[in-house]
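The values are calculated or read from the model by the stated rules, or taken from the named source; none is laboratory data. As the structure is a prediction and not an experimental result, all values here were calculated from the model. Cβ placement follows ideal geometry from the backbone for every residue including glycine, while neighbour counts extend to all protein chains displayed. Each accessible area value is taken on the protein alone, full model and side chains, heavy atoms only, with ligands, DNA and RNA left out. Shrake-Rupley method; radii C 1.70, N 1.55, O 1.52, S 1.80 Å.
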Amino acid sequence: MPNTGLQVSGQGVSITDDVLNAGAREFVAGLVRAFAERRLALLDARREAQAAWDAGSRLSFPAFPDGDWRAEPAPEPLRDRRVENIVPAMPEPFVTALGAGANGVVADFEDALSPTWPNLMAGQQALREYWRGAAARSGPQVTARVRGWHLEDRHVSMDGQRVPAALLDAGLYLFHNLGPAREAGRPLHLCIPKLEGAGEAALWADVLHHSCDVLDAPAGAVKCSLVIETLPAIFRVDELLAELRDFVVGVHAGRWDYLFSFIKTLRSRPDAVLGDRAGLTATEPFVAAYMRRLVDSAHRRGVHAIGGNGTFVPMEVDAEADRTARARVRQEKVREVTLGFDGTWVAHPGLVGVAREAFEEHLPHPNQLYRVFKDSRVTPADLLEVAAPVVSLDGLRSNIRAAVRYLAAWLAGEGSVVIDHQLEHIGTAEIARSQLWQWLHRNTSLADGGMLTPALFDELLAEETAAAASGGGFPPENYKRASALLGELVKADGFADFLTDTACEELP
(Lines give C-alpha, C1' and ligand atoms only; values in the text may rest on other atoms or scores of the structure.)
Protein backbone atom coordinates (compact mmCIF):
# COMPACT_ATOMS: atom_id res chain seq x y z
CA MET A 1 0.00 0.00 0.00
CA PRO A 2 1.48 3.40 -0.95
CA ASN A 3 2.42 5.78 1.85
CA THR A 4 -0.17 8.49 1.27
CA GLY A 5 0.30 10.07 4.68
CA LEU A 6 -3.30 9.16 5.59
CA GLN A 7 -3.49 7.50 9.00
CA VAL A 8 -6.58 5.64 10.20
CA SER A 9 -7.24 5.04 13.88
CA GLY A 10 -10.71 3.51 13.51
CA GLN A 11 -10.61 0.01 14.98
CA GLY A 12 -12.53 -3.24 14.79
CA VAL A 13 -14.34 -2.72 11.48
CA SER A 14 -13.61 -5.46 8.98
CA ILE A 15 -14.74 -3.47 5.92
CA THR A 16 -12.31 -0.60 6.57
CA ASP A 17 -9.74 -2.11 4.19
CA ASP A 18 -12.38 -2.25 1.45
CA VAL A 19 -13.78 1.23 1.94
CA LEU A 20 -10.37 2.79 2.57
CA ASN A 21 -8.39 0.74 0.09
CA ALA A 22 -5.16 2.02 -1.46
CA GLY A 23 -6.90 3.96 -4.21
CA ALA A 24 -9.41 5.55 -1.87
CA ARG A 25 -6.66 6.58 0.55
CA GLU A 26 -4.68 8.23 -2.22
CA PHE A 27 -7.76 10.04 -3.56
CA VAL A 28 -8.78 11.38 -0.14
CA ALA A 29 -5.18 12.35 0.62
CA GLY A 30 -5.10 14.29 -2.65
CA LEU A 31 -8.21 16.22 -1.63
CA VAL A 32 -6.69 17.02 1.75
CA ARG A 33 -3.43 18.21 0.21
CA ALA A 34 -5.29 20.40 -2.27
CA PHE A 35 -8.03 21.92 -0.12
CA ALA A 36 -7.52 21.56 3.65
CA GLU A 37 -5.66 24.86 4.07
CA ARG A 38 -8.36 26.80 2.23
CA ARG A 39 -10.95 25.29 4.53
CA LEU A 40 -9.08 26.56 7.59
CA ALA A 41 -8.91 30.05 6.13
CA LEU A 42 -12.66 30.00 5.48
CA LEU A 43 -13.36 28.94 9.06
CA ASP A 44 -11.24 31.89 10.20
CA ALA A 45 -13.40 34.11 7.98
CA ARG A 46 -16.51 32.71 9.69
CA ARG A 47 -15.11 33.67 13.09
CA GLU A 48 -14.27 37.17 11.87
CA ALA A 49 -17.78 37.64 10.50
CA GLN A 50 -19.29 36.44 13.77
CA ALA A 51 -17.12 38.87 15.72
CA ALA A 52 -18.43 41.69 13.53
CA TRP A 53 -22.04 40.66 14.15
CA ASP A 54 -21.35 40.42 17.88
CA ALA A 55 -20.01 43.98 17.68
CA GLY A 56 -23.22 45.25 16.11
CA SER A 57 -22.74 44.80 12.36
CA ARG A 58 -26.02 44.11 10.58
CA LEU A 59 -26.73 41.36 8.08
CA SER A 60 -27.75 42.63 4.67
CA PHE A 61 -28.09 41.35 1.14
CA PRO A 62 -24.72 41.64 -0.60
CA ALA A 63 -24.28 43.80 -3.69
CA PHE A 64 -24.42 40.87 -6.06
CA PRO A 65 -25.32 41.34 -9.74
CA ASP A 66 -28.71 39.79 -10.33
CA GLY A 67 -28.16 38.79 -13.95
CA ASP A 68 -30.29 36.31 -15.79
CA TRP A 69 -28.15 33.18 -15.62
CA ARG A 70 -29.81 29.84 -14.98
CA ALA A 71 -28.28 26.54 -14.07
CA GLU A 72 -28.23 23.74 -16.58
CA PRO A 73 -31.45 21.68 -16.37
CA ALA A 74 -31.20 18.82 -13.92
CA PRO A 75 -30.59 15.39 -15.44
CA GLU A 76 -33.70 13.28 -15.82
CA PRO A 77 -33.41 11.32 -12.53
CA LEU A 78 -33.37 14.64 -10.61
CA ARG A 79 -36.27 16.41 -12.35
CA ASP A 80 -39.04 14.92 -10.22
CA ARG A 81 -38.13 15.29 -6.55
CA ARG A 82 -41.60 15.60 -5.08
CA VAL A 83 -40.87 13.20 -2.20
CA GLU A 84 -37.46 12.27 -0.83
CA ASN A 85 -36.88 10.02 2.17
CA ILE A 86 -33.88 11.08 4.26
CA VAL A 87 -32.45 8.35 6.50
CA PRO A 88 -29.22 7.65 8.38
CA ALA A 89 -26.47 6.39 6.08
CA MET A 90 -26.78 2.91 7.53
CA PRO A 91 -27.59 -0.35 5.70
CA GLU A 92 -30.96 -1.22 7.29
CA PRO A 93 -32.74 2.18 7.09
CA PHE A 94 -31.20 2.82 3.68
CA VAL A 95 -32.47 -0.45 2.20
CA THR A 96 -35.91 0.10 3.77
CA ALA A 97 -36.11 3.60 2.27
CA LEU A 98 -35.25 2.29 -1.20
CA GLY A 99 -38.51 0.34 -1.18
CA ALA A 100 -40.74 3.05 0.33
CA GLY A 101 -41.88 4.56 -2.97
CA ALA A 102 -40.08 7.93 -2.73
CA ASN A 103 -38.61 9.69 -5.76
CA GLY A 104 -35.29 9.88 -3.97
CA VAL A 105 -33.44 8.54 -0.94
CA VAL A 106 -30.94 10.66 0.97
CA ALA A 107 -28.31 8.72 2.90
CA ASP A 108 -27.31 11.13 5.66
CA PHE A 109 -23.78 11.21 7.08
CA GLU A 110 -24.47 14.47 8.89
CA ASP A 111 -27.54 15.22 11.02
CA ALA A 112 -29.01 11.71 11.23
CA LEU A 113 -25.81 9.72 11.83
CA SER A 114 -23.76 9.44 14.99
CA PRO A 115 -20.26 9.51 13.45
CA THR A 116 -18.72 6.45 15.06
CA TRP A 117 -16.24 4.63 12.87
CA PRO A 118 -18.48 1.54 12.40
CA ASN A 119 -21.38 3.81 11.34
CA LEU A 120 -19.27 5.75 8.84
CA MET A 121 -17.81 2.63 7.25
CA ALA A 122 -21.18 0.83 7.12
CA GLY A 123 -22.76 3.83 5.40
CA GLN A 124 -20.07 4.06 2.74
CA GLN A 125 -20.23 0.31 2.16
CA ALA A 126 -24.03 0.38 1.77
CA LEU A 127 -23.71 3.05 -0.92
CA ARG A 128 -20.98 1.09 -2.70
CA GLU A 129 -23.22 -1.96 -2.83
CA TYR A 130 -26.19 0.07 -4.06
CA TRP A 131 -24.35 1.66 -6.97
CA ARG A 132 -23.04 -1.74 -8.07
CA GLY A 133 -26.46 -3.37 -7.99
CA ALA A 134 -29.42 -3.52 -10.35
CA ALA A 135 -31.46 -1.03 -8.26
CA ALA A 136 -29.10 1.78 -9.27
CA ARG A 137 -30.56 1.71 -12.79
CA SER A 138 -34.25 1.67 -11.96
CA GLY A 139 -34.74 2.60 -8.30
CA PRO A 140 -35.07 6.03 -6.68
CA GLN A 141 -32.29 8.55 -7.17
CA VAL A 142 -29.83 8.22 -4.29
CA THR A 143 -28.11 11.18 -2.63
CA ALA A 144 -25.37 11.30 -0.01
CA ARG A 145 -25.52 14.18 2.49
CA VAL A 146 -21.95 14.73 3.65
CA ARG A 147 -20.74 16.48 6.77
CA GLY A 148 -20.11 20.24 6.83
CA TRP A 149 -16.87 22.21 6.59
CA HIS A 150 -16.80 22.85 10.34
CA LEU A 151 -16.24 19.20 11.27
CA GLU A 152 -13.09 17.10 11.36
CA ASP A 153 -13.05 13.33 11.54
CA ARG A 154 -11.31 12.08 14.64
CA HIS A 155 -10.51 8.68 13.11
CA VAL A 156 -8.45 9.83 10.11
CA SER A 157 -5.46 12.16 10.12
CA MET A 158 -2.74 13.35 7.77
CA ASP A 159 0.55 14.96 8.73
CA GLY A 160 -0.61 15.01 12.34
CA GLN A 161 -3.85 16.89 11.58
CA ARG A 162 -7.36 15.49 11.54
CA VAL A 163 -8.87 15.22 8.07
CA PRO A 164 -11.86 17.48 7.22
CA ALA A 165 -14.96 15.30 7.58
CA ALA A 166 -16.49 16.77 4.41
CA LEU A 167 -13.49 15.70 2.32
CA LEU A 168 -13.52 12.21 3.82
CA ASP A 169 -17.25 11.68 3.22
CA ALA A 170 -17.35 13.20 -0.26
CA GLY A 171 -14.01 11.71 -1.29
CA LEU A 172 -14.99 8.15 -0.47
CA TYR A 173 -18.42 8.55 -2.04
CA LEU A 174 -17.03 10.01 -5.27
CA PHE A 175 -14.10 7.63 -5.55
CA HIS A 176 -16.11 4.45 -5.16
CA ASN A 177 -19.33 5.40 -6.92
CA LEU A 178 -18.78 7.92 -9.69
CA GLY A 179 -17.88 5.24 -12.23
CA PRO A 180 -20.72 2.85 -11.32
CA ALA A 181 -23.23 5.73 -11.32
CA ARG A 182 -22.17 6.70 -14.84
CA GLU A 183 -22.55 3.09 -15.95
CA ALA A 184 -26.06 3.09 -14.47
CA GLY A 185 -26.94 6.28 -16.39
CA ARG A 186 -27.38 8.29 -13.17
CA PRO A 187 -25.69 11.39 -11.79
CA LEU A 188 -23.81 11.07 -8.53
CA HIS A 189 -25.65 13.54 -6.31
CA LEU A 190 -24.31 15.16 -3.14
CA CYS A 191 -26.23 17.17 -0.54
CA ILE A 192 -24.02 19.91 0.94
CA PRO A 193 -24.93 21.32 4.38
CA LYS A 194 -24.26 24.40 6.52
CA LEU A 195 -22.62 26.76 4.04
CA GLU A 196 -22.24 30.35 5.22
CA GLY A 197 -20.49 32.22 2.43
CA ALA A 198 -19.52 32.31 -1.23
CA GLY A 199 -15.95 31.23 -0.51
CA GLU A 200 -17.20 28.01 1.06
CA ALA A 201 -19.34 27.27 -1.98
CA ALA A 202 -16.41 28.07 -4.28
CA LEU A 203 -14.29 25.59 -2.35
CA TRP A 204 -16.91 22.89 -2.90
CA ALA A 205 -17.00 23.74 -6.63
CA ASP A 206 -13.22 23.30 -6.83
CA VAL A 207 -13.41 20.01 -4.90
CA LEU A 208 -15.98 18.68 -7.37
CA HIS A 209 -14.08 19.90 -10.46
CA HIS A 210 -10.87 18.38 -9.10
CA SER A 211 -12.62 15.08 -8.37
CA CYS A 212 -14.09 14.86 -11.85
CA ASP A 213 -10.67 15.58 -13.38
CA VAL A 214 -8.86 12.96 -11.28
CA LEU A 215 -11.59 10.35 -11.81
CA ASP A 216 -11.79 11.13 -15.53
CA ALA A 217 -15.47 12.12 -15.54
CA PRO A 218 -17.25 15.12 -17.07
CA ALA A 219 -18.46 17.75 -14.61
CA GLY A 220 -22.05 16.86 -15.52
CA ALA A 221 -21.59 13.43 -13.94
CA VAL A 222 -21.73 15.03 -10.49
CA LYS A 223 -24.56 17.18 -9.17
CA CYS A 224 -25.24 18.76 -5.81
CA SER A 225 -28.01 20.36 -3.78
CA LEU A 226 -27.43 22.83 -0.95
CA VAL A 227 -29.15 22.79 2.42
CA ILE A 228 -29.77 26.48 3.13
CA GLU A 229 -29.86 26.10 6.90
CA THR A 230 -27.81 29.01 8.21
CA LEU A 231 -28.82 32.63 8.59
CA PRO A 232 -25.82 33.91 6.58
CA ALA A 233 -26.67 31.49 3.76
CA ILE A 234 -30.20 32.79 3.22
CA PHE A 235 -28.75 36.29 2.84
CA ARG A 236 -26.14 35.04 0.34
CA VAL A 237 -28.03 32.31 -1.46
CA ASP A 238 -27.51 33.91 -4.90
CA GLU A 239 -23.76 33.89 -4.38
CA LEU A 240 -23.76 30.27 -3.22
CA LEU A 241 -25.71 29.18 -6.29
CA ALA A 242 -23.48 31.19 -8.62
CA GLU A 243 -20.30 29.62 -7.28
CA LEU A 244 -21.72 26.12 -7.75
CA ARG A 245 -23.59 26.76 -11.00
CA ASP A 246 -21.73 23.94 -12.81
CA PHE A 247 -23.14 21.40 -10.35
CA VAL A 248 -26.13 22.73 -8.44
CA VAL A 249 -29.63 21.37 -9.08
CA GLY A 250 -31.47 22.24 -5.88
CA VAL A 251 -31.72 23.85 -2.45
CA HIS A 252 -33.30 22.43 0.69
CA ALA A 253 -34.97 24.04 3.70
CA GLY A 254 -33.56 22.93 7.07
CA ARG A 255 -35.75 24.65 9.63
CA TRP A 256 -34.34 23.43 12.96
CA ASP A 257 -30.75 24.07 11.91
CA TYR A 258 -31.79 27.43 10.48
CA LEU A 259 -33.35 28.47 13.78
CA PHE A 260 -30.25 27.25 15.61
CA SER A 261 -28.12 29.37 13.26
CA PHE A 262 -30.44 32.34 13.81
CA ILE A 263 -29.70 32.20 17.54
CA LYS A 264 -25.99 31.51 17.02
CA THR A 265 -25.52 34.38 14.58
CA LEU A 266 -27.60 36.93 16.52
CA ARG A 267 -26.58 35.80 20.00
CA SER A 268 -25.46 39.28 21.00
CA ARG A 269 -28.83 40.88 20.14
CA PRO A 270 -31.47 41.06 22.90
CA ASP A 271 -34.17 41.58 20.25
CA ALA A 272 -33.47 38.20 18.63
CA VAL A 273 -34.72 35.93 21.43
CA LEU A 274 -37.03 33.20 20.14
CA GLY A 275 -40.00 31.72 22.00
CA ASP A 276 -40.93 28.10 22.68
CA ARG A 277 -39.60 25.70 20.05
CA ALA A 278 -43.05 24.22 19.48
CA GLY A 279 -44.31 27.62 18.33
CA LEU A 280 -41.59 28.19 15.74
CA THR A 281 -43.60 26.82 12.84
CA ALA A 282 -43.50 27.70 9.16
CA THR A 283 -46.34 30.17 9.75
CA GLU A 284 -44.13 32.45 11.85
CA PRO A 285 -43.51 35.53 9.63
CA PHE A 286 -39.70 35.40 9.78
CA VAL A 287 -39.70 31.66 9.07
CA ALA A 288 -42.18 32.09 6.22
CA ALA A 289 -39.92 34.84 4.79
CA TYR A 290 -36.98 32.42 4.86
CA MET A 291 -38.97 29.83 2.93
CA ARG A 292 -40.24 32.37 0.36
CA ARG A 293 -36.74 33.67 -0.29
CA LEU A 294 -35.49 30.11 -0.68
CA VAL A 295 -38.09 29.30 -3.34
CA ASP A 296 -37.69 32.60 -5.17
CA SER A 297 -33.88 32.44 -5.28
CA ALA A 298 -33.87 28.82 -6.42
CA HIS A 299 -36.46 29.26 -9.16
CA ARG A 300 -34.83 32.38 -10.57
CA ARG A 301 -31.77 30.19 -11.16
CA GLY A 302 -33.72 27.21 -12.47
CA VAL A 303 -33.02 24.85 -9.57
CA HIS A 304 -35.43 22.89 -7.42
CA ALA A 305 -36.55 24.05 -3.98
CA ILE A 306 -37.14 21.17 -1.57
CA GLY A 307 -39.14 21.72 1.62
CA GLY A 308 -38.50 20.77 5.21
CA ASN A 309 -38.28 17.37 6.83
CA GLY A 310 -41.45 15.70 8.11
CA THR A 311 -40.36 13.88 11.26
CA PHE A 312 -43.54 12.32 12.69
CA VAL A 313 -43.30 8.58 13.41
CA PRO A 314 -46.48 6.58 12.66
CA MET A 315 -48.19 5.27 15.81
CA GLU A 316 -49.78 1.85 15.40
CA VAL A 317 -50.99 1.69 19.01
CA ASP A 318 -53.10 4.87 18.86
CA ALA A 319 -55.07 5.10 15.64
CA GLU A 320 -56.74 8.43 16.46
CA ALA A 321 -53.48 10.15 17.41
CA ASP A 322 -51.90 8.69 14.30
CA ARG A 323 -54.63 10.13 12.06
CA THR A 324 -54.31 13.54 13.72
CA ALA A 325 -50.54 13.62 13.33
CA ARG A 326 -50.70 12.48 9.70
CA ALA A 327 -53.21 15.23 9.02
CA ARG A 328 -50.75 17.78 10.45
CA VAL A 329 -47.97 16.43 8.26
CA ARG A 330 -50.21 16.62 5.22
CA GLN A 331 -51.16 20.19 6.08
CA GLU A 332 -47.47 21.09 6.36
CA LYS A 333 -46.71 19.54 2.97
CA VAL A 334 -49.68 21.27 1.34
CA ARG A 335 -48.36 24.57 2.72
CA GLU A 336 -44.97 23.86 1.13
CA VAL A 337 -46.28 22.93 -2.28
CA THR A 338 -48.65 25.90 -2.43
CA LEU A 339 -45.78 28.18 -1.44
CA GLY A 340 -43.87 26.97 -4.49
CA PHE A 341 -41.64 24.13 -3.30
CA ASP A 342 -40.96 21.42 -5.87
CA GLY A 343 -40.60 18.62 -3.36
CA THR A 344 -40.17 17.73 0.28
CA TRP A 345 -38.33 15.48 2.71
CA VAL A 346 -39.73 12.93 5.14
CA ALA A 347 -37.70 11.12 7.79
CA HIS A 348 -39.84 7.98 8.10
CA PRO A 349 -40.71 5.68 5.18
CA GLY A 350 -44.27 5.52 6.52
CA LEU A 351 -44.78 9.19 5.61
CA VAL A 352 -43.86 8.88 1.95
CA GLY A 353 -47.49 8.24 0.98
CA VAL A 354 -48.79 11.21 3.00
CA ALA A 355 -46.29 13.59 1.41
CA ARG A 356 -46.86 12.20 -2.09
CA GLU A 357 -50.62 12.62 -1.79
CA ALA A 358 -50.21 16.27 -0.74
CA PHE A 359 -47.75 17.13 -3.49
CA GLU A 360 -49.39 15.26 -6.33
CA GLU A 361 -52.80 16.74 -5.53
CA HIS A 362 -51.43 20.29 -5.84
CA LEU A 363 -48.55 19.61 -8.23
CA PRO A 364 -49.53 16.99 -10.83
CA HIS A 365 -46.34 17.58 -12.84
CA PRO A 366 -42.72 17.04 -11.72
CA ASN A 367 -41.90 20.58 -10.54
CA GLN A 368 -42.93 24.24 -10.53
CA LEU A 369 -39.67 25.98 -11.42
CA TYR A 370 -41.67 28.67 -13.19
CA ARG A 371 -42.89 30.17 -9.88
CA VAL A 372 -41.07 33.27 -8.60
CA PHE A 373 -42.09 36.19 -6.38
CA LYS A 374 -41.30 39.22 -8.52
CA ASP A 375 -43.77 41.51 -6.77
CA SER A 376 -43.19 40.38 -3.20
CA ARG A 377 -39.47 39.94 -2.72
CA VAL A 378 -38.32 39.28 0.82
CA THR A 379 -36.34 42.06 2.55
CA PRO A 380 -33.62 41.77 5.22
CA ALA A 381 -36.10 43.14 7.76
CA ASP A 382 -38.52 40.31 6.91
CA LEU A 383 -35.85 37.73 7.75
CA LEU A 384 -34.81 39.33 11.04
CA GLU A 385 -37.99 40.56 12.66
CA VAL A 386 -39.28 38.29 15.41
CA ALA A 387 -42.24 38.61 17.76
CA ALA A 388 -41.87 39.08 21.50
CA PRO A 389 -40.91 35.63 22.82
CA VAL A 390 -43.30 33.50 24.83
CA VAL A 391 -41.27 31.05 26.90
CA SER A 392 -43.05 28.56 29.11
CA LEU A 393 -42.02 26.03 31.71
CA ASP A 394 -43.25 23.31 29.35
CA GLY A 395 -41.03 24.77 26.63
CA LEU A 396 -38.04 24.64 28.96
CA ARG A 397 -38.73 21.05 29.90
CA SER A 398 -39.31 20.07 26.27
CA ASN A 399 -35.92 21.39 25.20
CA ILE A 400 -34.10 19.78 28.13
CA ARG A 401 -35.89 16.47 27.57
CA ALA A 402 -35.16 16.45 23.83
CA ALA A 403 -31.49 17.35 24.24
CA VAL A 404 -30.77 14.85 27.01
CA ARG A 405 -32.60 11.96 25.35
CA TYR A 406 -31.09 12.66 21.97
CA LEU A 407 -27.53 13.03 23.26
CA ALA A 408 -27.81 9.83 25.33
CA ALA A 409 -28.71 7.95 22.15
CA TRP A 410 -26.13 9.76 20.01
CA LEU A 411 -23.37 8.84 22.45
CA ALA A 412 -24.44 5.21 22.00
CA GLY A 413 -24.03 5.48 18.24
CA GLU A 414 -27.64 6.27 17.27
CA GLY A 415 -28.17 9.46 15.28
CA SER A 416 -31.86 9.14 14.45
CA VAL A 417 -33.93 8.93 17.64
CA VAL A 418 -37.67 8.74 18.35
CA ILE A 419 -38.66 11.31 20.99
CA ASP A 420 -42.33 12.09 21.65
CA HIS A 421 -43.33 10.40 18.35
CA GLN A 422 -40.88 12.51 16.32
CA LEU A 423 -37.79 11.15 14.56
CA GLU A 424 -35.21 13.61 15.80
CA HIS A 425 -31.74 14.35 14.43
CA ILE A 426 -28.83 16.42 15.76
CA GLY A 427 -30.55 19.63 14.62
CA THR A 428 -33.14 19.09 17.36
CA ALA A 429 -30.46 18.96 20.04
CA GLU A 430 -28.81 22.06 18.55
CA ILE A 431 -31.94 24.23 18.56
CA ALA A 432 -32.90 22.93 22.02
CA ARG A 433 -29.56 23.71 23.68
CA SER A 434 -29.15 27.03 21.85
CA GLN A 435 -32.55 28.19 23.06
CA LEU A 436 -31.70 27.17 26.61
CA TRP A 437 -28.43 29.14 26.42
CA GLN A 438 -30.22 32.17 24.97
CA TRP A 439 -33.02 32.12 27.56
CA LEU A 440 -30.60 31.72 30.46
CA HIS A 441 -28.18 34.42 29.34
CA ARG A 442 -30.94 36.88 28.42
CA ASN A 443 -32.69 36.59 31.82
CA THR A 444 -35.82 35.50 30.02
CA SER A 445 -39.14 35.83 31.85
CA LEU A 446 -41.41 32.80 31.84
CA ALA A 447 -45.05 32.93 30.85
CA ASP A 448 -45.77 30.87 33.99
CA GLY A 449 -44.13 33.48 36.21
CA GLY A 450 -40.56 34.09 37.31
CA MET A 451 -37.54 33.74 35.07
CA LEU A 452 -35.01 31.14 34.03
CA THR A 453 -32.11 31.10 36.47
CA PRO A 454 -29.13 28.72 36.74
CA ALA A 455 -30.75 27.16 39.81
CA LEU A 456 -34.03 26.51 38.00
CA PHE A 457 -32.19 25.11 35.00
CA ASP A 458 -30.21 22.73 37.21
CA GLU A 459 -33.41 21.59 38.94
CA LEU A 460 -35.21 20.89 35.66
CA LEU A 461 -32.14 19.23 34.15
CA ALA A 462 -31.90 16.83 37.09
CA GLU A 463 -35.61 15.99 36.89
CA GLU A 464 -35.64 15.41 33.13
CA THR A 465 -32.43 13.39 33.23
CA ALA A 466 -33.84 11.13 35.96
CA ALA A 467 -37.06 10.67 33.99
CA ALA A 468 -35.16 9.84 30.81
CA ALA A 469 -32.86 7.37 32.58
CA SER A 470 -35.81 5.64 34.25
CA GLY A 471 -37.26 4.94 30.82
CA GLY A 472 -34.21 2.89 29.92
CA GLY A 473 -33.01 2.30 26.40
CA PHE A 474 -29.40 3.20 27.07
CA PRO A 475 -26.93 2.72 29.96
CA PRO A 476 -27.42 5.12 32.89
CA GLU A 477 -23.94 6.49 32.23
CA ASN A 478 -25.11 7.80 28.84
CA TYR A 479 -27.80 9.95 30.44
CA LYS A 480 -25.31 11.21 33.02
CA ARG A 481 -22.82 12.17 30.31
CA ALA A 482 -25.57 13.75 28.17
CA SER A 483 -26.80 15.79 31.15
CA ALA A 484 -23.30 16.99 32.00
CA LEU A 485 -22.61 17.97 28.40
CA LEU A 486 -25.87 19.89 28.11
CA GLY A 487 -25.29 21.66 31.41
CA GLU A 488 -21.78 22.67 30.36
CA LEU A 489 -22.97 24.08 27.03
CA VAL A 490 -25.97 25.96 28.42
CA LYS A 491 -24.23 27.57 31.40
CA ALA A 492 -20.99 28.49 29.62
CA ASP A 493 -20.38 32.22 29.25
CA GLY A 494 -19.59 31.83 25.56
CA PHE A 495 -21.80 30.18 22.96
CA ALA A 496 -20.33 26.99 21.50
CA ASP A 497 -20.66 27.15 17.73
CA PHE A 498 -21.57 23.44 17.41
CA LEU A 499 -22.27 20.94 20.15
CA THR A 500 -20.71 18.22 17.97
CA ASP A 501 -17.32 19.92 18.33
CA THR A 502 -17.39 18.85 21.98
CA ALA A 503 -19.67 15.82 21.85
CA CYS A 504 -17.66 13.95 19.19
CA GLU A 505 -14.85 13.55 21.71
CA GLU A 506 -17.29 11.61 23.92
CA LEU A 507 -18.12 8.98 21.29
CA PRO A 508 -16.81 5.43 21.74
* How many percent of the accessible area of the range 1-154 is carbon or sulfur, using a 1.4 Å probe? -> 51 percent
* Residue-wise HN-Hα coupling along the range 163-169, computed from phi with Karplus coefficients 6.51, -1.76, 1.60 (Hz; x: Gly, Pro) -> 7, x, 4, 4, 6, 5, 4
* What is the chain's relative contact order, in percent, from Cα pairs under 8 angstrom and six or more apart in sequence? -> 16 percent
* Extension gain from A462 to K480, taking 0.36 nm per residue of separation minus the Cα-Cα distance -> 5.5 nm
* Structure fact -> Residue by residue through the range 451-456, the couplings from Karplus 6.51 cos²θ - 1.76 cosθ + 1.60 with θ = phi - 60°, in Hz, x for Gly and Pro, are 9, 6, 10, x, 5, 5
* Could you sort E48, E506 by accessible area so the largest value comes first, with the probe set to 1.4 Å? -> E48, E506
* Carbon and sulfur %, accessible surface of the range 184-289 computed with the full protein complex present, 1.4 Å -> 49 percent
* Asked: When the Debye formula is applied to the Cα atoms of the chain, each taken as the same point scatterer, what base-10 log of I(q)/I(0) results at q = 0.10 Å⁻¹?
  -> -0.76
* For V248, list long-range residues whose amide hydrogen, built 1.01 Å from N in the peptide plane, is under 5 Å from its own amide hydrogen. => C224
* To do: Pairs of Cα atoms under 8 Å, at least six residues apart: use those to get the relative contact order of the range 191-248, whole percent.
  => 53 percent
* Sequence of S261, S60, S470 when ordered by accessible area, the most exposed leading, probe 1.4 angstrom -> S470, S60, S261
* **Fraction of antiparallel bridges per DSSP, the chain only, in percent to nearest 5** => 25 percent
* Asked: For the pair D382 and R70, what calculated FRET efficiency results from E = 1/(1 + (r/R0)^6), where r is the Cβ-Cβ distance and R0 = 35 Å, to the nearest 0.05?
  -> 0.90
* the range 315-362: relative contact order as a whole-number percent, Cα under 8 Å and 6+ apart -> 40 percent
* **Unit charges at the beta carbon, dipole of the range 385-456: most positive-side option, M451, G395, I426** => M451
* Structure fact -> Binned at 5 Å from zero, the C-alpha pair distances of the range 424-508 give percents of 3, 13, 23, 25, 21, 11, 4, 1, 0
* **Rounded to whole Hz, the Karplus (6.51, -1.76, 1.60) HN-Hα couplings of the range 23-36, x for glycine and proline** => x, 5, 4, 5, 5, 5, 4, x, 5, 5, 4, 7, 10, 5
* Structure fact -> For V106, other-chain or 5+-apart residues with amide H closer than 5 Å (H placed, Pro excluded) are N85, I86, V87, T143
* Structure fact -> Non-local residues with an amide H under 5 Å from the amide H of C191, with H modelled 1.01 Å from N and Pro and chain starts lacking one, are A144, R145, V146, S225
* Structure fact -> Of 114-126, 173-185, ordering from highest average Cβ density within 10 Å down gives 114-126, 173-185
* To do: Keeping to pairs on different chains or 8 or more places apart, tell me how many lysine pairs in the chain have Cα atoms under 18 Å apart.
  => 4
* Asked: What accessible area per residue comes out for the chain, rounded to a whole number of Å², with a 1.4 Å probe?
  -> 38 Å²
* D238 accessible area, nearest 10 Å², 1.4 Å probe? -> 20 Å²
* To do: Stick to Cα atoms and the Kirkwood definition of Rh, then tell me Rg/Rh for the range 177-323.
  => 1.06
* Kindly report, to the nearest 10 Å², the accessible surface of W204 as traced by a 1.4 Å probe over protein heavy atoms only. => 0 Å²
